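Enquirer: Supplied in structure tokens, the structure appears directly below.
Read-outs throughout are calculated quantities, based only on the coordinates presented, and are distinct from any laboratory measurement. Just so you know, these numbers come straight off a predicted model, no measurement behind them. Reconstructed Cβ throughout: ideal geometry from the backbone, glycine too, with neighbour counts over all protein chains shown.
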Amino acid sequence: MTSSEKFTSMLEAIGLFVAIVGLIVLVASRFGGRRGDRVVAGVFLLPTVVLVLVGLVYPALRTIYYSFYDAAGSHYAGLDNYKTIFTSSDQITVLRNTVLWVVITPFVATAIGLLYAILVDKAKVEALAKAFIFLPMAISFVGASIIWKFIYEYRPDQPGVKQIGLLNQVLVWLGGSPHQWLINSPWNSLFLVVVMIWIQAGFAMTVLSAAIKAIPEDIVEAARLDGVKAWGMFRFVTVPSIRPALIVVLTTIGIGTLKVFDIVRTMTGGQFDTSVVANEFYAQSFRSNNQGLGAALAVLLFLLVVPIVLYNVRQLRRSETR
Amino acid sequence: MTTADAAPAAPLTTTPFVGVDVASGRAKKKLTSRWASLVAVIIAVLWTIPTFGLAISSIRPQGDIQDSGWWSFFSNPHVTLDNYRAVLSSTGTGGLGSYFLNSFIIVIPSVIIPIALAALAAYAFAWIDFKGRNLLFICIFALQIVPIQVTLIPLLTLYVDSGIGGSFWAIWISHSIFALPLAIFLLHNFMKEIPKELIEAARMDGARHVQIFFRVMMPLLTPALAAIGIFQFLWVWNDLLVALTFSGGTSDIAPITVALANLSGTQGTAWHLLSAGAFISIAVPIVVFLSLQRYFVRGLLAGGLKG
């Protein structure tokens, strides 16, 4: 495809879309009054409902169905795929890594984000200081993975060979010998987790910083008059006041971490026992052509997300009614 | 740290005793804030150095990148734009030019389509009374939690069966579908904040929904639309999974993330191409992000994050 063909194709798509919206608007504008309301609502919602039914509801049901079938999707296999996930040693490693990711990332990223938000709060260069931590959020997971792969890069420990990865060079400067960070399980997963923390700390910082600024000044002042010191202020004023924001940040990062795929795929391709559920789903579905197991892994991902979301919604409700 | 603003005024009006107290308090303040600054600087440096190292590498000659670390650039500065030239060309082994173009071709409709559809749907949910409104809204809201992994294989089959497999259409439609639930939810919340009286007054004057939508809602919602637009832009530009699944990895339609991921997976990593390629792919969202940061932060605080 040439460049101009690509542009033509894009303009065609936009033109078609504008025509569809134009038609919707045309139909809707012919109906007024309370009776016309149903028609207007109908045409406004039609494209969304069709897309969501065809693109989300049907595929999700189909995937659940396939998760009970064999690799080719032709024979009913009962719960075999789910049994595989919880019994085969490869899949147990995948589950272990996923737990590692989900337990570590949200808490460390939130802790760093919170610490930084408090440290730079009301500082002269606050906006600039925040931008440093915030920028990784705009970077793709693929870009971030390349950046960190470069940090972890390893060159054999031989005379005349210089390290080009920063981490190994720091080791050499400190008198140690270089190390292959991404090879040895389970430590290699931790070095991948670092990348996710690097990305997510900025999100945590931004949301928590806004929450900290929303704490009423008189509460802080009253605590200070009572002689509350820095740690007490943090423990008894800041944290309780921003609790709802903390929960939102922790759960949002938790959900994002559950679905992490790009980092694992770009940095190790899931080799060296670093695979996680989202990556294993892709590998089983598209590389090993094991449709049944891939579907079961996708359903597992779904099931893992649900309780986190429900917890989040319940906490939000509770803080609203208070 | 937070007392710094209030402290200076105190000694002028109070007795010497209190003055001493305030002074000692301020000394302590300075001490903690010196440590605080140190910690903040350490975090900022740790967060910046990785990207900085890649940026420096991208302007070093290929031979230098392979033989020494980017920090030796400062003692031995050789600057070249060859890496960028190689990466931006559409031909040759490292040419990623066509993938960059694909990223733009993919991202523009993938931002416009879902936001326009979501705005229409959100308006219906927010300001039109009809039977089953709440139930339908809750259903669409709930669909946010469906991970896209669950939908990929059946969607791929659908696309192939209907003849649009491996084309831009598959990617545009997928991104639009995946964006809808969250976009509708956020826009609905924004629209609900608009005073009811305003809408009712317009209706009393005989305005129809279409007129209210275009003349009242759209101008008031520009910041919200911008915020959601930036989110969707970053999401689509940075996406790997959807592109990988539906593009087939060819230079015809695959975006830059797919090309970089493949390049990074090959043996004997070509750091000169990777660093320049990654840096350009990073530069686009960062420019968008910095120029529209205001809206982005607002969108973030409205609870907009998907994955």
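Enquirer: Quick check: pseudo-label points 7 Å beyond the Cα along Cα→Cβ at B:Leu290 and A:Val161, how many nm apart are they?
Expert: Those two pseudo-labels are separated by 3.8 nm.
Enquirer: Between A:Leu171 and A:Ala127, what length in nm is gained on full extension when 0.36 nm per residue of separation is reduced by their alpha carbon distance?
Expert: 12.5 nm
Enquirer: Need one number: nm distance between label points at A:Leu100 and A:Val309, each 7 Å from Cα along Cα→Cβ, rounded to one decimal.
Expert: 2.8
Enquirer: Which of the three applies to the range A:194-234, rounded, prolate or oblate, going by the alpha-carbon gyration tensor with a ≥ b ≥ c and a/c under 1.5 meaning rounded?
Expert: Oblate, since a/c reaches 1.5 and b/c is not below a/b.
Enquirer: Quick check: Cα centre of the range B:100-143 to Cα centre of the range A:136-210, how many Å?
Expert: 38
Enquirer: Restricting attention to the range B:192-244, which GluC sites (Glu not before Pro) occupy a DSSP loop and are surrounded by at most 15 other Cβ atoms within 10 Å?
Expert: B:Glu193
Enquirer: Express in nm, to one decimal, how much length is gained between A:Val57 and A:Lys83 on full extension, taking 0.36 nm for each residue of separation and deducting their alpha carbon distance.
Expert: So the chain would gain 6.8 nm between A:Val57 and A:Lys83.
Enquirer: Once you have a ≥ b ≥ c as the square roots of the Cα gyration tensor eigenvalues for the range A:171-306, tell me rounded if a/c is under 1.5, and otherwise prolate or oblate according to whether a/b is larger than b/c.
Expert: oblate
Enquirer: Let me ask something else about it. Averaged over its residues, how many other protein chain Cβ atoms are within 10 Å of peptide A:246-253's Cβ atoms?
Expert: Mean shielding by partner chains, rounded to a whole number: 1.
Enquirer: Could you list the square roots of 5 times each eigenvalue of the Cα gyration tensor of the range B:98-301, that is, the equivalent ellipsoid semi-axes, sorted largest first and rounded to whole Å?
Expert: Calculated on Cα positions only, the semi-axes equal 37, 20, 13 Å.
Enquirer: Moving on. Which value, in debye to the nearest 20, describes the size of the charge dipole of chain A about its Cα centre when Lys and Arg Cβ atoms bear +1, Asp and Glu Cβ atoms bear -1, and nothing else is charged?
Expert: 720
Enquirer: Now a separate question. When the Kirkwood hydrodynamic radius is evaluated over all pairs of different C-alpha atoms of the range A:117-177, what value in angstrom, to one decimal, is obtained?
Expert: 14.3
Enquirer: Which whole-number percent is the relative contact order of the range A:1-149 (Cα, under 8 Å, 6+ apart)?
Expert: 7
Enquirer: Give me the percent relative contact order of the range B:39-94, please, defined on Cα pairs under 8 angstrom at least 6 residues apart.
Expert: 32
Enquirer: Cα atoms only, chain A: Rg and Dmax in Å?
Expert: Final numbers for Rg and Dmax: 25.4, 85 Å.
Enquirer: Using a 7 Å offset from the Cα along the Cα-to-Cβ direction at both A:His179 and A:Leu16, what is the distance between the two label points in nm, to one decimal?
Expert: 5.4
Enquirer: So, one more: Could you pull out the trypsin sites (Lys or Arg not before Pro) across the range A:225-299 that fall in loop regions by DSSP (anything but H, G, I, E, B) with no more than 16 other Cβ atoms inside 10 Å?
Expert: In loop regions of the range A:225-299 (DSSP not H, G, I, E or B), the sparsely surrounded trypsin sites (Lys or Arg not before Pro) are A:Lys229.
Enquirer: For B:Thr157 and B:Asn262, what is the calculated FRET efficiency with R₀ set at 35 Å and r taken between the beta-carbons, to the nearest 0.05?
Expert: 0.90
Enquirer: After finding the eigenvalues of the alpha carbon gyration tensor for the range A:3-66, what semi-axes result from the square roots of 5 times each, listed largest first in whole Å?
Expert: 28, 25, 4
Enquirer: For A:Leu190 and B:Met204, what is the calculated FRET efficiency with R₀ set at 41 Å and r taken between the beta-carbons, to the nearest 0.05?
Expert: Result of the calculation: an efficiency of 0.05.
Enquirer: May I ask which residue of A:Thr274, A:Gly232, A:Val220 lies farthest towards the positive end of the charge dipole of the range A:215-276, with charges of +1 (Lys, Arg) and -1 (Asp, Glu) on Cβ and the Cα centre as origin?
Expert: Going by the Cα projections, it comes out as A:Thr274.
Enquirer: What's the center-to-center distance, using Cα atoms, between the range B:231-292 and the range A:211-248 in Å?
Expert: 42
Enquirer: So, one more: Under 18 Å from the 7 Å Cα→Cβ point of B:Ser72, by amide nitrogen: which residues of the range A:158-202?
Expert: A:158-179
Enquirer: Follow-up question, since we're still on this one. How large is the charge dipole for the protein assembly as shown, taken about the Cα centre, if only the Cβ atoms of Lys, Arg (+1) and Asp, Glu (-1) carry charge, to the nearest 20 debye?
Expert: 1440
Enquirer: Further, regarding this structure: Can you bin the range B:34-192 into rounded, prolate or oblate? Criterion: square roots of the alpha carbon gyration tensor eigenvalues sorted a ≥ b ≥ c, rounded for a/c under 1.5, prolate for a/b above b/c, oblate for the rest.
Expert: Note, shape of the range B:34-192 comes out oblate.
Enquirer: Using the Cα atoms of the protein assembly as shown to build a convex hull, what is its mean projected area in square nanometres?
Expert: Value for the protein assembly as shown: 34.2 nm².
Enquirer: Moving to a separate point now. Cα centroid distance between the range A:1-62 and the range B:195-219, in Å?
Expert: Cα centres, the range A:1-62 to the range B:195-219: 22 Å.
Enquirer: Counting only C-alpha contacts under 8 Å and six or more residues apart, can you give the relative contact order of chain A as a whole percent?
Expert: Reported as a whole number, the value is 24 percent.
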